[in-house]
Amino acid sequence: MENGAGAGAAAPAEAAAAWNFEPNVTLLGLTALSVRGVLGRVMAGMVVEDCGAGGRPAVPMGHGDPSAFPCFRTAEEAVDAVAAALRSGKHNSYAPCVGLKPTRRSIARYLSRDLPYELSADDVYLTSGCSQAIEIICSVLARPGANILCPRPCYLFHEARARFNGMEVKYFDLLPERGWEADLDEVQAIADKNTVAMLIINPGNPCGNVYTYEHLAKVAETAKKLGIFLIADEVYAHLTFGQNKFVPMGVFGSVAPVLTLGSISKRWVVPGWRLGWIVTSDPNGVFQRTKVVESIKCYLDISCDPVTFIQGAIPQLIENTKEEFFENTVDVLRQTADICWEKLKGISCITCPSKPEGSMFVMVKLDLSCLQGIKDDMDFCCKLANEELVVILPGCAVGYKNWLRITFALEPSSLEDGLDRLKSFCLRHSKPKVGAA
Amino acid sequence: MELDCEGDEASAWRFGAASPVLTAARSQSIRAMVYRVYDCLDRGDARPVAPLGHGDPAAFACFRTAPPATDAVAAAASSGVLNSYAPAAGLAEACSAVAALLSRELPYEVSPRDVVLTAGCNHAVEIMMTVLAAPGANVLLPRPGYPLYASRAALSGLEFRHFDLLPDKEWEVDLAGVAALADDNTVAMVIVSPNNPCGCVYSRHHLAQIAQTARKLGIMVISDEVYDHFAFGSKPFVPMGVFGEIAPVVTLGGISKRWMVPGWRLGWIAATDPNGILRKKKVMDSIIDYRGISVDPVTFVQGALPHIIANTDEAFFANAMDVMREAAEICHEKLQEIECITCPHKPDGSMFVMAKLDLSRLDGIEDDVDFCSKLAKEESVVMCPGSGLGMKNWLRITFAVDPQLLEDGLERTKRFCLRHAWQSQGDELMNTSAS
């Protein structure tokens, strides 16, 4: 009788080919569209140095996560709210699939502050971070032949999930010479009868731009004309430090219905807490009539939920976090955006078309003709990580080959250090000047 | 297509009915089914609701989680160093802790590389049903079973076929049935032990037979062990991974049940596969790739995991199992007092028991869904209709409830059954009030 402790009557290690299973191959390519995946490749050759022994620290300028830096540390009130919710013992159970009611009510009120109408708790669906919000939208929209319109450059996680669900993605350009505004003529040209929605990311990732009220109004009109709705990825909401203030797309919800995506990840600097939302900013109730709401609930029913005690903490977290905390974060971002803008001016192979006004990033163009031995943006970033322990995201990860997305959301001194090392790297790899001086 | 009546120049909105795939997937949702029963409750009834429909005892004082677990999570949340994104497979120290935990009960070491953290065991189910969805593939699922497998398989276009669990054989897997269902496109079979919804624990011998069957068919075994160690009868818990040498086993688990914290959303997928077949066939790579574009468990809960495991002493688990055993006894005894309900197997594991409804003994009750709806309305007792799990006219009853409330709930159920009993001529049943 088999007891399973060792080899039985059959040969113990069958050749792998004898086993019937294979993985779903569509998945194997999609990691290339995730920032995490691309940075993994960039850092593959990087050898971490022992800082205790006088080695240099790595400088992370590739991802949107400054939570490790003391100057960006989240508000004490937020941590207290989470600890209190956890210790209450009242939030260890499963939550309803749409999320706890008090949490949804509190987010509705929070977002309504910036809208010309009141959101209700029922307009709010809690998600495990903005990433899951994207997942849900793509699952809900997916049907054979459907396509969505995305900006180029873009946070490609949107494409990853769209493609995973069998949807086509069509790209419209953001115009660097116009502060990365959307080319709305192109949007109208590429939309067809299978287009269901258009994505707008504001404040912009990867471009660091903040759209004006006027531009957003035009975006809404375009959507209305095309009969499509808007997906507004506002995960960087309120993180603006330049001329343009943040205007939520939902302001135009009566022109074209908007699905607003957001989270606490960036404004509270807690991406590891995984708490976000989808909000129907739709005073005309179009989403209800067209069954989008029903689809969202269908999907939520069979999906994982955000952690219950974090949901439970949200009302206190929103109410108790002081304005000073938000002002401080924005001040640091303003300061670091300035440092970045100034230092980049001194690097000749890098051009910055527009100064960042929001989010945590800036898109810069790489002039490969000034460099030798560097093939492309991925090669640049891999070598940079290897030689200088500075991590930057290659533009191919956002659909803009031979550009770079640079994160400036760091402790100012770390950022300066990183940019200095970047400059050294560029000088070291510069093509020698032709002819005598 | 819907026309927007508000604006005169608006075109018809280019989106319409809910995706049929999504509707089909959701129709299997157990959450939706149980919520529909909750909707039948009479809100004016002053009696406490007896929630015997789903497995979540976290609300009850007798099932409160271990204080060291709460302390560990609170400390991690306050540390300030666990607010970042985590790697796709999970924080290294958490993966190591799970690998060590699983290895304790296996004849080989599980490597941390073979562990992927998930946002609860439900998430692990979603990942497996997604990763295996190669074109034309099919998986074998138990009936009665946990409906999320079918929902997520439907959503990813993975065909699923049901094999039976045999009520007359302590809900063991019908292995002949499994062999008959499998074909060249079958990739995996799912087993759940300790079992939801049946409340049984599979013997070592039976698990070995399952492994042999899988090996003959060339398929992997997905062993859902979210109720690991929930064995309080004569059969001890045996992890399926013990037979990982015979057929590759993917073990799904989590802290939700053992620590009574389903709201913390932390689980895992572990390749308990000493021959490394899953790795060779790139299944592990796929799992990590998909996890990379899927939900992440909260970073500080991951960070707390090694301490949750290390600091919770055996006494906590032993005590929880004592209460669970007591509740299972109460459940079994009370059910025996109810004529129209039969329990083929006394529950000795998980949090549930499957019980058969004898509709011929009831008057004016159409089926199991009707039974549960009326029971909720008239007695404020919620049970899960078996048709949601593939067994029409059966009931899934949770006993992981405060023992007093459980007893009260089952007493009310008995009264309900007496009140609705079918009276034949001369039958004095209704007049012999047993309460």
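The values are calculated or read from the model by the stated rules, or taken from the named source; none is laboratory data. If you're wondering where the values come from, they're calculated on a predicted model, not measured in any experiment. Neighbour counts are summed over all protein chains in view; Cβ atoms, including those assigned to glycine, are modelled from backbone coordinates with ideal geometry.
Could you name every one of the helices (runs of 4 or more DSSP H) located completely within region A:301-408 that has at least 1 residues being within 28 Å of residue A:43 (Cα to Cα) and of a type in the set (A, V, I, L, M, F, W, C)?
Output list reads A:323-345, A:377-388.
On the basis of being within 21 Å of residue A:104 (Cα to Cα), surrounded by fewer than 18 Cβ atoms within 10 Å (Cβ to Cβ) and either within 14 Å of another protein chain (Cβ to nearest Cβ) or touching a residue at least 24 places away in the same chain (Cβ under 8 Å) (or both), does residue A:297 make the cut?
Yes.
Per-residue answers, yes or no, for (1) within 30 Å of residue B:180 (Cβ to Cβ); (2) in contact with a Leu (Cβ under 7 Å, 6 or more places away or on another chain); (3) surrounded by 22 or more Cβ atoms within 10 Å (Cβ to Cβ):
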{"site": "B:71", "(1), (2), (3)": "no, no, no"}
{"site": "B:96", "(1), (2), (3)": "no, no, no"}
{"site": "B:111", "(1), (2), (3)": "no, no, no"}
{"site": "B:127", "(1), (2), (3)": "yes, no, yes"}
{"site": "B:134", "(1), (2), (3)": "yes, no, no"}
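Taking helices (runs of 4 or more DSSP H) that fall entirely within region A:90-192, which contain at least 2 residues that are closer than 25 Å to residue A:272 by Cα?
Answer list for region A:90-192: A:101-112, A:129-141, A:157-164.
Of the residues A:320, A:284, A:328, which is more than 18 Å from residue B:265 (Cα to Cα), at the interface with chain B (Cβ under 7 Å from one of its Cβ atoms) and not acidic (Asp, Glu)? Spell out the reasoning first.
On the way: A:320 fails: at the interface with chain B (Cβ under 7 Å from one of its Cβ atoms); A:328 fails: at the interface with chain B (Cβ under 7 Å from one of its Cβ atoms).
Of A:320, A:284, A:328, the one residue that is more than 18 Å from residue B:265 (Cα to Cα), at the interface with chain B (Cβ under 7 Å from one of its Cβ atoms) and not acidic (Asp, Glu) is A:284.
So is residue B:262 modelled with pLDDT of 95 or more and farther than 19 Å from residue B:66 by Cα or not?
Numbers: modelled with pLDDT of 95 or more: yes; farther than 19 Å from residue B:66 by Cα: no.
It is false that residue B:262 is modelled with pLDDT of 95 or more and farther than 19 Å from residue B:66 by Cα.
Would it be correct to say that residue A:292 is facing another protein chain (nearest Cβ under 10 Å) and either of a type in the set (Asp, Glu) or out of contact with any Phe, Trp or Tyr (no Cβ under 9 Å at 6 or more places or on another chain) (or both)?
On the way: facing another protein chain (nearest Cβ under 10 Å): yes; either of a type in the set (Asp, Glu) or out of contact with any Phe, Trp or Tyr (no Cβ under 9 Å at 6 or more places or on another chain) (or both): no.
No: the conditions fail for residue A:292.
Between A:220, A:232, which is assigned to a helix (DSSP H, G or I), out of contact with any His (no Cβ under 8 Å at 6 or more places or on another chain) and of a type in the set (Gly, Ala, Ser)?
Details: A:232 fails: assigned to a helix (DSSP H, G or I).
A:220 is the lone residue from the list that is assigned to a helix (DSSP H, G or I), out of contact with any His (no Cβ under 8 Å at 6 or more places or on another chain) and of a type in the set (Gly, Ala, Ser).
Can you tell me which residue is farthest from residue B:89 (Cα to Cα) among those in region B:304-340 that are crowded, with 23+ Cβ neighbours inside 10 Å and in contact with a helix residue (DSSP H, G or I) (Cβ under 7 Å, 6 or more places away or on another chain)?
Applying the filter and picking the extreme gives B:331.
When you scan region A:74-85, do you find a residue that is in contact (Cβ under 8 Å) with a residue 60 or more places away in the chain, among the charged types (D, E, K, R) and facing chain B (nearest Cβ under 7 Å), even just one?
Looking through region A:74-85, none of the residues is in contact (Cβ under 8 Å) with a residue 60 or more places away in the chain, among the charged types (D, E, K, R) and facing chain B (nearest Cβ under 7 Å).
State which residue is farthest from residue B:131 (Cα to Cα) when the search covers only region A:131-165 and only residues that are facing chain B (nearest Cβ under 9 Å) and over 15 Å from the mean Cα position of the chain (by Cα).
It comes out as A:146.
Does residue B:110 satisfy being hydrophobic (A, V, I, L, M, F, W, C) and either within 21 Å of the chain's Cα centre (by Cα) or at pLDDT below 95 (or both)?
On the way: hydrophobic (A, V, I, L, M, F, W, C): yes; either within 21 Å of the chain's Cα centre (by Cα) or at pLDDT below 95 (or both): no.
Considered against the rule, which asks whether it is hydrophobic (A, V, I, L, M, F, W, C) and either within 21 Å of the chain's Cα centre (by Cα) or at pLDDT below 95 (or both), residue B:110 comes out as no.
Hey, can you tell me all the residues within region A:158-183 that are surrounded by fewer than 18 Cβ atoms within 10 Å (Cβ to Cβ) and of a type in the set (A, V, I, L, M, F, W, C)?
Residue satisfying the conditions is A:175 alone.
Sort out which residues of region B:305-340 are in a helix (DSSP H, G or I) and either of a type in the set (Lys, Arg) or in contact with a Leu (Cβ under 8 Å, 6 or more places away or on another chain) (or both), and write them in order of number. Reasoning before the result, please.
Keep residues of region B:305-340 that are in a helix (DSSP H, G or I), which gives B:305-311, B:314-336.
Selection gives B:305, B:309, B:325, B:327, B:330, B:331, B:334, B:335.
Here are the criteria: (1) touching a Cys at 6+ places or on another chain (Cβ under 6 Å); (2) over 24 Å from residue B:383 (Cα atoms). Tell me which single one residue B:170 does not satisfy.
With (1) touching a Cys at 6+ places or on another chain (Cβ under 6 Å); (2) over 24 Å from residue B:383 (Cα atoms) applied to residue B:170, the lone miss is (2).
Of all residues in region B:277-313, which are β-branched (Val, Ile, Thr) and farther than 21 Å from residue B:248 by Cα?
Looking only at region B:277-313, we keep the residues that are β-branched (Val, Ile, Thr), and these are B:277, B:283, B:287-288, B:293, B:295, B:298-299, B:301, B:308-309, B:312.
B:293, B:295, B:298, B:299, B:301, B:308, B:309, B:312, listed by residue number.
Step by step: first the residues of region B:358-400, then only those that are farther than 30 Å from residue B:231 by Cβ, acidic (Asp, Glu) and not in a helix (DSSP H, G or I), then the one that is nearest to the chain's Cα centre (by Cα). Which residue is that?
B:367
Kindly evaluate residue A:254 against the criterion of being within 12 Å of chain B (Cβ to nearest Cβ) and part of a loop (DSSP other than H, G, I, E, B).
Yes: the conditions hold for residue A:254.
Working carefully through the options B:82, B:117, B:101, find the one that is in contact (Cβ under 8 Å) with a residue 40 or more places away in the chain and facing chain A (nearest Cβ under 8 Å).
Of B:82, B:117, B:101, the one residue that is in contact (Cβ under 8 Å) with a residue 40 or more places away in the chain and facing chain A (nearest Cβ under 8 Å) is B:82.
When residues of region A:46-72 are filtered for being of a type in the set (Asp, Glu) and over 19 Å from the mean Cα position of the chain (by Cα), how many remain? Walk me through how you get there before you give the answer.
Keep residues of region A:46-72 that are of a type in the set (Asp, Glu), which gives A:49-50, A:65.
Cutting the leftovers down to over 19 Å from the mean Cα position of the chain (by Cα) gives us A:49-50.
Qualifying residue count for the region: 2.
Find the residue count for region A:92-126, including only residues that are within 28 Å of residue B:258 (Cβ to Cβ), out of contact with any Leu (no Cβ under 8 Å at 6 or more places or on another chain) and not small (Gly, Ala, Ser).
3
Among the listed residues A:218, A:224, which satisfies the condition of being of a type in the set (Lys, Arg) and surrounded by fewer than 20 Cβ atoms within 10 Å (Cβ to Cβ)?
Exactly one residue qualifies, and that residue is A:218.
So which pairs qualify, if the first residue must be in region B:290-310 and more than 10 Å from chain A (Cβ to nearest Cβ) and farther than 18 Å from residue B:124 by Cβ, the second must be surrounded by fewer than 24 Cβ atoms within 10 Å (Cβ to Cβ) and not aliphatic (A, V, I, L, M), the Cβ gap must be under 6 Å, and the two must be at least 6 apart or on different chains?
The qualifying pairs are B:306/B:93.
Is it fair to say residue B:416 is modelled with pLDDT of 95 or more and over 20 Å from residue B:193 (Cβ atoms)?
Yes, satisfied.
Yes/no per residue for (1) among the β-branched types (Val, Ile, Thr); (2) in contact (Cβ under 8 Å) with a residue 12 or more places away in the chain; (3) within 14 Å of chain B (Cβ to nearest Cβ); (4) outside any loop (DSSP other than H, G, I, E, B):
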position: A:20; (1), (2), (3), (4): no, no, yes, no
position: A:29; (1), (2), (3), (4): no, no, yes, yes
position: A:37; (1), (2), (3), (4): no, no, yes, yes
position: A:57; (1), (2), (3), (4): no, yes, no, no
position: A:60; (1), (2), (3), (4): no, yes, yes, yes
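Looking only at region B:254-289, how many residues end up being aliphatic (A, V, I, L, M) and either over 30 Å from residue B:401 (Cβ atoms) or in a strand (DSSP E or B) (or both)?
Selection size over region B:254-289: 9.
Scan region B:341-354 for residues that are hydrophobic (A, V, I, L, M, F, W, C) and outside any loop (DSSP other than H, G, I, E, B) and jot them down.
Selection gives B:341, B:352, B:353, B:354.
Select from region B:220-243 the residues that are of a type in the set (A, V, I, L, M) and crowded, with 24+ Cβ neighbours inside 10 Å and write down the one among them that is farthest from the other protein chains (Cβ to nearest Cβ). Can you show your working first?
Narrowing region B:220-243 to residues of a type in the set (A, V, I, L, M): B:220-222, B:226, B:231, B:238, B:240, B:242.
Those still in the list that are crowded, with 24+ Cβ neighbours inside 10 Å too: B:220-222, B:226, B:240.
On the way: B:220: 6, B:221: 11, B:222: 10, B:226: 13, B:240: 10 Å.
Going through the qualifying residues, I end up with B:226.
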